[in-house]
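Colleague: Here you go, one structure.
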Amino acid sequence: MLKINWRAPAAYRHTRKIPAAGFAWEYLRRNDDYREDFRLLVRTKRPDATELEAFARRWGLRFPARSRRRA
């Protein structure tokens, strides 16, 4: 678990300047169920599209399409 004093206003000053997606991430990354789901997904090594879609749907995640071109 993260070691943050949840009641200290100074711990959250940065949230005034981040976009909504950043704020959502700050909330989600502290969720123990999300963290466990992520650990399980990573252990799969190469999750298939169905597993990735289920994970994204459960947690309300959206990922931008990646370019097929290599940099």
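The values are calculated or read from the model by the stated rules, or taken from the named source; none is laboratory data. Please read all numbers here as calculations on a predicted model, not as lab measurements. The area values use the complete protein model at the heavy-atom level, side chains included, leaving out ligands, DNA and RNA. Shrake-Rupley method; radii C 1.70, N 1.55, O 1.52, S 1.80 Å.
Colleague: Tell me the per residue accessible area of the chain using a 1.4 Å probe; a whole number in Å² is fine. Please report the intermediate quantities before stating the final value.
Modeller: Details: 6900 Å² over 71 residues.
Each residue of the chain exposes 97 Å² on average to a 1.4 Å probe.
Colleague: In whole Å, what are the extents of the chain along the principal axes defined by its C-alpha atoms, from largest to smallest?
Modeller: 41, 29, 22
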